[in-house]
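Participant: Before anything else, here's the structure in question.
Just so it is clear, none of the values below were taken in a lab; they were calculated from the coordinates. These numbers were taken from a predicted model, which means no experiment stands behind them. Glycine also receives a Cβ, built like all others from the backbone with ideal geometry; neighbour counts cover every protein chain displayed.
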Amino acid sequence: MPRRQRAVDELGGIDILVNNAAHQATFKDIADISDDEWQSTFEVNIHAMFYLAKAAVAHMPLRI
């Protein structure tokens, strides 16, 4: 069972999401960063945050 579903089943939903993933392999001049390194950094720092939030928000109650 995916961890997200287990949290929903056992805890009744998701109230808060903390996303603390980040990646930066090197600190180079921008001209020296390869396309692959940039892609990897972007996938971790942007895509992962987006998809994690998207998956969690479906299980978060609306609070007004």
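Participant: Can you give the longest stretch of the chain with no exposed loop site, where a site means trypsin sites (Lys or Arg not before Pro) in a DSSP loop (not H, G, I, E or B) with at most 13 other C-beta atoms within 10 Å? Before the final figure, lay out each step's value.
Facilitator: Details: sites that count: Lys28, Arg63.
Maximal segment without exposed cleavage sites: 29-62.
Participant: Also: Between Ala48 and Lys28, what is 0.36 nm times their sequence separation minus the Cα-Cα distance? Round to one decimal in nm.
Facilitator: Extra length from Ala48 to Lys28 when fully extended: 4.9 nm.
Participant: Convert each backbone phi in segment 23-36 into a coupling constant with the Karplus relation 6.51 cos²θ - 1.76 cosθ + 1.60 (shift: θ = phi - 60°), then list the ³J(HN,Hα) values in order as whole Hz, x for Gly and Pro.
Facilitator: 8, 8, 5, 9, 10, 10, 4, 3, 5, 9, 7, 6, 4, 5
Participant: Using Cα Rg over 2.2 N^0.38 Å as the read-out, say which of (i) 1.01; (ii) 1.35; (iii) 1.52 was calculated from these coordinates.
Facilitator: Here Cα Rg over 2.2 N^0.38 Å agrees with entry (iii).
Participant: Here's something else I'd like to know. Put +1 on the Cβ of each Lys and Arg and -1 on the Cβ of each Asp and Glu in the chain; which of Leu52, Ala22, Ser34 then has its Cα farthest toward the positive end of the dipole?
Facilitator: Leu52
Participant: Turning to a different aspect of this structure: Under unit Cβ charges (Lys, Arg +1; Asp, Glu -1), what dipole magnitude, rounded to 20 debye, does the chain have relative to its Cα centre?
Facilitator: Numbers: 6 positive and 9 negative charges, 100 e Å.
The dipole of the chain has a size of about 480 debye.
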